[in-house]
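Working notes, beginning with the structure itself.
The values are calculated or read from the model by the stated rules, or taken from the named source; none is laboratory data. What you are looking at is a predicted structure, and each value in this text was computed from that prediction instead of being measured. Virtual Cβ from ideal backbone geometry, glycine too; neighbours counted across all protein chains shown. When the accessible area is computed, the model is the full protein with side chains, heavy atoms only, and any ligands, DNA or RNA have been set aside. Shrake-Rupley method; radii C 1.70, N 1.55, O 1.52, S 1.80 Å.
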Amino acid sequence: MPFEPTDYLPYDFANRRHIGPSPEEMAEMLKVVGADSLDALIDETVPKSIRLKTALDFGRPMSERELLFHMREVAGKNKMMTSLIGQGYHGTVTPPAIQRNILENPAWYTAYTPYQPEISQGRLEALLNFQTMISDLTGLEIANASLLDEATACAEAMTMAERVSKSKAKAFFVDRDCHPQNIAVVKTRAEPLGIEVIVGNPDKMDPEAVFGALFQYPGTYGHVRDFTDHIAKLHEHKGIAVVSADPMSLTLLKEPGAMGADIAVGSTQRFGVPVGAGGPHAAYMATKDAYKRNMPGRIVGVSVDAHGNKAYRLSLQTREQHIRREKATSNVCTAQALLAVMASMYAVFHGPKGLQAIAQRIHRKAVRLAKGLEEAGFKVDPQAFFDTITVDVGPLQAAVMKSAVDEGINLRRVGETRVGISVDETTRPETIEAVWRAFGIVRADDNFSPEYRVPENMHRKTEYLTHPIFHMNRAETEMMRYMRRLADRDLALDRAMIPLGSCTMKLNAAAEMMPLSWPEFSTIHPFAPADQQEGYGELVTDLSSKLCDITGYDAISMQPNSGAQGEYAGLLTIAAYHKARGEGHRNICLIPMSAHGTNPASAQMVGWKVVPVKSDEKGDIDLEDFRAKAEKHAEHLAGCMITYPSTHGVFEETVHEVCKITHESGGQVYIDGANMNAMVGLSRPGDLGGDVSHLNLHKTFAIPHGGGGPGMGPIGVKSHLIEHLPGHPETGGVEGPVSAAPLGSASILTISWAYCLMMGGAGLTQATKVAILSANYLAKRLEGAYDVLYKGPTGRVAHECILDTRPFADSADVTVDDVAKRLMDSGFHAPTMSWPVAGTLMVEPTESETKAELDRFIEAMLSIRDEIKAVEAGEMPRENNALKNAPHTMEDLVKDWDRPYSREQGCFPPGAFRVDKYWPPVNRVDNVYGDRHLVCTCPPMDDYAEAAE
Ligand SMILES: *Cc1c(COP(=O)(O)O)cnc(C)c1O
């Protein structure tokens, strides 16, 4: 035999692709850690009492080629139809340059939420463009950088209206012409908060009886109404007016701001973002300047850096859940950053004239469609519309819908006798002719002169998108370079590890990312008949069954489209369970003080009272405190929310006891599953005593972070909770929905499914083990230089570890901020800062980083420690050193250098690459200035010229 047989696995098999350290590197890491083998390390780290007894088995893992072949087959089971259902979801054309340079570009999709502004200037600029676009289109002063979907944005607007309204009323009015899913999600949100929702005809609204009202514009059945008078009446009674508006229509129609609206919300899906069976897309919210501090979600603002240059950052962060906890007004954390970037680029690509042209074409197509129907004797409603009409077909409803399906077209069923039709950017003359045929009309779409059905008083009179960014030269060369320039300002996973504790920034493999762009997944309307979505059905069934095996739960709901949304859905499920048993009074929730900020925020959203529980000095839940509080509140205990392994990165052995105490006191156990990356294949929350958990698919299951979304936060529940899972008006169920679409952001489930299929049970388990090895390796190497807080009884950490930087405040005036910014000079994104313990860094390397990258990070951290020592020893001034002046820009390097350390030390600290050096585009950003001088739309162009110079 000429060849030695080899058992070496080629790159495209799970372990070599996904798991960073090679077998040889792992052996070296184990030696440093002081463990005989990977399994020995795991035995020391993960307590026996919580270990899974059987191995995860999903059959043979697929290679990349097998996966893509399989996914093609499943995609083929979705029927590609032309959906004219509308109802908030429309066909759209994603400009190929945006698809390739943003949606399919890891520089954009692997970035983290821009909490470290110096290394996020590119996406912050794109998001500021988004805010400017929304603010302009709605005619309101300030917009946020996206919300999860239109329906949840409506619900957020309702609670915001309640906060800012000076009315004493307890009810909220909802226009009966709102999209059904918007009404349903608003009702879900209102119920536990004791808000009465009145759905009705706006003309019959009693403005005195409500603190606010929500109107849909245009209405779900097409009506274009002027709400100016309704809003004026509301204002007379101190009510707040919310308008949910289609941004495309606003290029032609009178904008909400001009009607006097206080808040505008809506979806930017049709700005180039594929429908994807429900998502992900970016919802928006805009409001008046007076209410800006009450707006949920993240807001990008303009500030200055240490040299007084313009720099972007997230504003008003003190409003976020991490700080306000149970007093937080919203739990929104992960939102839809990547999709907001896409929508903003769509506006940059088309500019105001292009958008208007697209909107006019859409409208003219709708008018032609209506005229053809009218001339054949059909009654079309309404008379004034933008893109949507309904047709009364009497007893022929089913027949017309069926004929349309035979033509490859989905229409909308409206009531018992009507059919709804929404046209869009992609509608072609052939589509219109096919719709006519479904109504028995045979004619060509060629003999109409352009006509408009928007009354004069509803025409938009104001300008929008006047900023120069929306007037660039639209040559693709220029566009491509703009997107590239912005991407280059940012530090994403495609350049360096992002060791953010609790956020699990792991590989998002290219093969996993590909299927979501396929039209068989991306063009499906979320409300298309189930027999057209069999591919999605198969995906969801199989992924659910795998996630059940992984978590030990009995059923999964895919509806929540973020982790925080999962928490909220899970708590609602628990609340419904209590209520069904006649124990609806239970409203106390025990939450450890170290919990993620979304936990208490979600609890308050279901109307519960949060009772914080202490941690002991080891970081574990203080069992005595927990027991005492559970017993004290037993009569009213709704449940507890714990995180496992704890946010301190430790597998607490007391978890069974905590669950037992909660159950004995009549409560249910919510286990926050954000840390599943430490558990998959080794331990299951369902076995520990959890009744419900959410999984962050955008952490553990390989969906990329997108610079702050999208995400998916499905929940797993035990069998007794199944009947109380979220329902949906389109798909049924007893409970109300929490998201606009039945399967949340369905199209990105393809990523997590692909991840599971290619990893297999053994691969997923190996990933968990290596994540734990990497964290212990880091902890070991950094120990001595930094104190590693909270270890398990055997001296091991779980998949993350907390490094203490607090002592340096006294010894050297060095803060955790200084360390984080100095890491940028070495080309790293900082670990999670000041959570769960103020003044510390929480490091989570994940299984995907190679030993070389871990070593580069360690080298950077050790050299930072040496720099601190130099300050401590008095060799470096306390106020002027490389830490205080970090990050350093190229400008610093070439300018006069009057620092007590060398240019070399300042700009090329250990860890930094010589040739591939990452240069932060700005110096340290001034947070206080930014909040005092709040500017949340694009600044004048001069500033851009300056920045580009
Ligand atoms: C990330 C995280 C969440 C929130 O998830 P989002 O998807 O950002 O809403 C909740 N709990 C913990 C522990 C987390 O790390």
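A few comments on the model shown:
- Using C-alpha pairs under 8 Å with a sequence gap of at least 6, the mean separation divided by the residue count of the chain gives a relative contact order of 19 percent.
- From the largest down, region 1-99 spans 62, 51, 31 angstrom on the principal axes of its Cα atoms.
- In this structure the amide hydrogen of Ser615, modeled in the peptide plane, comes within under 5 Å of the amide hydrogens of Met593, Asp622, none closer than 5 places in sequence on its chain.
- About the Cα centre, charge dipole magnitude for region 351-458 (Lys/Arg +1, Asp/Glu -1 at Cβ), debye: 100
- Convex hull volume per residue for region 769-915, taking Cα atoms only, in Å³: 104
- The magnitude of the dipole of the chain, with charges of +1 and -1 set on the Cβ of Lys/Arg and Asp/Glu and taken from the Cα centre, is near 1480 debye.
- 27 Å tail of the calculated P(r), region 154-308, as % of Cα pairs: 22
- Inter-site label distance for His307 and Ala27 at 7 Å from Cα along Cβ, in nm: 4.9
- Glu730 accessible area, assembled protein chains, probe 1.4 Å, Å²: 80
- Annotation: peptides 743-755, 450-462, ranked by per-residue average of other Cβ atoms within 10 Å with the highest first, follow the order 743-755, 450-462.
- For peptides 268-280, 595-607, sequence by mean Cβ density within 10 Å, most packed first: 268-280, 595-607
- Peptide packing for 38-47, 77-86 was compared via the average number of neighbouring C-beta atoms within 10 Å per residue; ordered from the highest value, the list is 77-86, 38-47.
- Rel. contact order, % - alpha carbon contacts under 8 angstrom, at least six apart, region 769-915: 26
- Mean residue ellipticity at 222 nm, helices only, the chain: -11000 deg cm²/dmol; runs of at least 4 DSSP H residues each add -39,500 (n - 2.57), and the sum is divided by the number of residues.
- Taking amide H atoms as placed 1.01 Å from N in the peptide plane, the amide H of Gln668 lies under 5 Å from those of Gly639, Cys640, each 5 or more residues away in sequence or on another chain.
- Region 377-439 and region 178-214: distance between their alpha carbon centers, rounded to Å: 29
- Rounded, prolate or oblate (a/c below 1.5 giving rounded, otherwise prolate when a/b exceeds b/c) for region 573-664 by Cα gyration tensor: prolate
- Karplus-based coupling profile of region 593-606, in residue order and whole Hz: 4, 7, 4, 4, x, 5, 4, x, 5, 5, 4, 5, 5, 9, with θ = phi - 60° in 6.51 cos²θ - 1.76 cosθ + 1.60 and x standing for Gly or Pro.
- Positive-end residue of Asn923, Gly706, Leu862, charge dipole of the chain with Cβ unit charges: Gly706
- For region 115-176 and region 38-56, distance of Cα centres in Å: 45
- Per residue, the Cα convex hull of region 695-760 amounts to 104 Å³.
- For region 351-458, relative contact order (Cα pairs under 8 Å, six or more residues apart, normalised by length) works out to 30 percent.
- Taken one residue at a time, the phi angles of region 641-653 give Karplus couplings (6.51, -1.76, 1.60, θ = phi - 60°) of 10, 10, 10, 9, x, 4, 5, 7, x, 10, 7, 7, 6 Hz. Gly and Pro are set to x.
- Between Asp804 and Ala357, the FRET efficiency estimated from the beta carbon spacing at R0 = 41 angstrom works out to 0.10.
- Whole-angstrom Cα spans of the chain along principal axes, big to small: 86, 78, 68
- Which listed pairs, of Lys170/Lys365; Lys238/Lys371; Lys168/Lys288; Lys204/Lys609; Lys292/Lys917, have C-alpha distances above 31 Å, in listed order: Lys170/Lys365; Lys238/Lys371; Lys204/Lys609; Lys292/Lys917
- Sequence of Lys780, Lys254 from largest to smallest accessible area, 1.4 Å probe: Lys780, Lys254
- Surface analysis of region 399-506 yields an accessible area of 47 Å² per residue, using protein heavy atoms and a 1.4 Å probe.
- The chain - percent of accessible surface contributed by carbon and sulfur, probe 1.4 Å: 51
- Taken one residue at a time, the phi angles of region 88-101 give Karplus couplings (6.51, -1.76, 1.60, θ = phi - 60°) of x, 10, 9, x, 8, 9, 7, x, x, 5, 6, 4, 6, 8 Hz. Gly and Pro are set to x.
- Degrees, to the nearest 10: 23-33 long Cα axis against longest axis of the chain: 60
- Shape analysis of region 666-818 places it in the prolate category; the axes a ≥ b ≥ c from the Cα gyration tensor give an a/c of at least 1.5, with a/b above b/c.
- Annotation for Glu891 and Arg878: the two label points, set 7 Å from Cα along the Cα-Cβ direction, are 2.9 nm apart.
- Dipole orientation for region 432-584: of the candidates Phe521, Thr573, Gly563, Gly563 has the Cα lying most toward the positive pole (charges on Cβ; Lys, Arg +1; Asp, Glu -1).
- Degrees, to the nearest 10: 623-632 long Cα axis against longest axis of the chain: 40
- Test item: Cα-centred dipole of region 1-95, Lys/Arg +1 and Asp/Glu -1 on Cβ, debye: 740
- 19 Å cut-off, amide nitrogen to a point 7 angstrom out along Ser37 Cα→Cβ, residues in region 758-791: 762-774
- Accessible solvent surface per residue of region 556-758, calculated while the other protein chains remain in place, 1.4 angstrom probe, Å²: 25
- Extreme residue, positive dipole direction of the chain, given options Ile50, Gly619, Met342 (C-beta unit charges): Met342
- The shape of region 69-149 comes out oblate: with a ≥ b ≥ c from the C-alpha gyration tensor, a/c is at least 1.5 while a/b does not beat b/c.
- Cα-based helix-to-principal-axis angle, 337-375 vs the chain, degrees rounded to 10: 20
- Averaging Cα coordinates gives a centre for region 776-806 and one for region 892-944; these two points are 31 Å apart.
- In the context of the full set of protein chains, residues of region 769-915 present 35 Å² of accessible surface per residue (probe radius 1.4 Å, heavy atoms only).
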